[in-house]
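These notes concern the structure reproduced below.
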Amino acid sequence: MRFAKIIGLVGVLGLLAAPAPAQAAPETSPYAPTMLVLDASGSMLAPDPGGGTKMDAAKSAVRAFGDTAPEQAQVGLSVYGTGTGSTDAEKDAGCRDVSVLRAPETIDRPALTTAVDGIIPRGYTPIGTALRTAAAELPTEGPRSIVLVSDGLDTCAPPDPCEVARELGGNGAEIVVHAIGFGVDDPSRVQLTCIAETTGGTYTDAADGTALEQVLPRVSRAALRDYASEGDRVEGTASYQDAPVLAAGQYLDTIGQQQRRHYAVDIPEGATAYFAGTVSFPRGENNPRSNNVLQQRVFGAEGRDCNAFEFEQATRSTDGVALTVAKEWKGATEASDTDGCKGGGRYYFTLEWSSVADGAPESLPLELNVTIEPGVTDPGPAADPAPVGFVEPSGPSTPVTGGGSLNVATELGGSGSYTDTLQRGEFVFYKVKVDWGQGLAYRVRYLETPGRGIEHVSSIDTTLYTPYRKELDREFGVYTGTATALPTNEPALATPEVRYRNRESSTPDVAAVAMAGWYYIAVKLAPARDDAVAGPVPVELDLTVTGTPEPGPTFRATAPEPADEGRTDATTSAEPAGDSTVLVTALAIAAFVFAVGGTAAIVVLRKRGHRRHH
């Protein structure tokens, strides 16, 4: 069985029935700043097939996006065509008629609604000038996006919109334009497609207002996709003595170059603890040697070294990869000893950004995940090691927009086919609910695109994770513009049926599938070779969830209190804001993101739990 041919700790356990902690906003937005550019030319007064005018439908679509955009999203709004009429005498002024209604700041939904409600369409269609104006509102560095909605051709060139798009997408500008054609004719469609594809963006047709209301939020959310750090604020310490005590939950700290951070966890007798840290590196100049290492150690009473060490290394971190190191700690399940590394009590977990690439940021947000798993009184049915079968989906595909991290993974509603569009350099995430007695199988198809040649080559991969974020399987390959599927040599990646007693198996790929809940699928499309501007790629994710749900294990009603013998207390320097109560009758999920790289080859070291990702 090929499932989980590479096994290691790159994830974190979801909380066993602990309510999700309140999430603290990071200091800066994790989303790409985005400008919505809305056509308000005179043609938008035309009737929409669904009723009202095309402008009415466009306003409704913008409101729908505003209602669903992430709270930390940085979204601006500009329009063209509102300041003049469309007579010949007004053309000169009309072709300069672009208004910025909202700067790309943290989204203010009421203000966005008010701005869009006040739009009155009247004049010309200066698309090229509108793109330049929107770009000037965006930051000068980092990923940035423009979402353009137009119902026709530019009526003001020069500047030619495609030439402006080349300015925006060239010379490392990193501005991607996504264009939506709202009931357009063929010449308009050609122009809008040129604008999008020149910058590496997407073009989408919306035949009427109903379609636009579905398409605009999806395209806009895709433009915003980026890694989102989340968690209750906490501050790790330089020594274990004053380390903050973390209950089960998700936390957010910062870590500097070659800095060591200590955290304490009280682990009840007989319980298993899971501790993980995640950092996400910003996208930057293509550098295949941008290597970074995050390592973790475990210490017991009075800071005794428990000889438990993990490290993860990410190469090509300038692709915007996330790097996670995680440790499963079973010391509390064993009889107490004099060394302080067995039995219930207080343990100390350290994280260190130990190896730093040239040009790396001085510090990074650091996500922490802590899970305490009690024992069971009845483990439930016996393990079944056979992987479930894959069934070709039937019926139409469902459009979805994958999340920018596992914190915001998009839910897939069970068996079927799902479609998305990936930009070069994106890593997107989905989640699938799998109950006790069920299993999943899936494949990812990267569909054909017009671009060919070495400048269109990108590495691709997909990774499957359990609810506690442990990597189960990973497939990788190279996309050249022709249709490609992962896995390449088998129908699908597949799990056995989920049972608690799977963890008793001597086969690692069976033992890992021992918890019901959300299973996560990650799909990657790396930047094109030498950071060339290459078009987006449509993908299809075909999914089978099979098996009849069955009763799961019976967890202990309460977890025993930590033993005090031989333990030293740590001073709590920061108390988490979330509920720390560990319940045992449900499964809630704490979030994290996985380590992915930008090369076609993946090298994995598995020595005493160590792995390295490319």
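Here are the numbers for the structure shown:
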item: Cubic angstrom per residue, convex hull over Cα atoms of the stretch 497-544; result: 119
item: Heavy-atom accessible area per residue - the stretch 449-560, 1.4 Å, Å²; result: 35
item: Binned Cα-Cα distance frequencies in the stretch 140-250 - 10 Å width, integer %; result: 13, 34, 22, 11, 11, 8, 2
item: Ordering of 373-386, 34-47 by packing [mean C-beta count within 10 Å, highest first]; result: 34-47, 373-386
item: Theoretical gain in end-to-end length, K330 to N307 [0.36 nm per residue, Cα-Cα removed]; result: 7.0 nm
item: Under 30 Å from the Cα of K524 - lysines, other chains or at least 8 residues apart; result: K5, K327, K431, K433, K470, K607
item: Burial ranking of peptide ranges 155-166, 69-80 (average Cβ count within 10 Å, highest at the top); result: 69-80, 155-166
item: Sorted largest first, extent of the stretch 287-434 alpha carbons per principal axis (Å); result: 63, 52, 24
item: Heavy-atom SASA rank of D154, D108 (probe 1.4 Å, accessible area, largest first); result: D108, D154
item: Packing-based order for 334-346, 435-447, using average beta carbon neighbours within 10 Å, highest first; result: 435-447, 334-346
item: Length released on extending from E362 to V391, taking residue separation times 0.36 nm less the Cα-Cα span; result: 5.6 nm
item: Debye, to nearest 20: dipole size of the stretch 345-421, +1 on Lys, Arg Cβ, -1 on Asp, Glu Cβ; result: 120
item: For the stretch 276-378, with +1 on Lys and Arg beta carbons and -1 on Asp and Glu, the positive-most of G300, T278, S317 along the dipole; result: S317
item: Whole-number Å³ per residue for the convex hull built on Cα positions in the stretch 387-479; result: 125
item: Cubic angstrom per residue, convex hull over Cα atoms of the stretch 34-105; result: 80
item: Full-extension gain in nm, A238 to T140, via 0.36 nm per residue minus C-alpha separation; result: 31.7 nm
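The values are calculated or read from the model by the stated rules, or taken from the named source; none is laboratory data. Worth saying up front: this structure is predicted, and the values here are computed from it rather than measured. Heads up, the Cβs are rebuilt from the backbone with ideal geometry, glycines too, and the neighbour counts pull from every protein chain shown. Ligands, DNA and RNA are stripped out before the accessible areas are found, and what is left, the full protein with its side chains, is counted by its heavy atoms. Shrake-Rupley method; radii C 1.70, N 1.55, O 1.52, S 1.80 Å.
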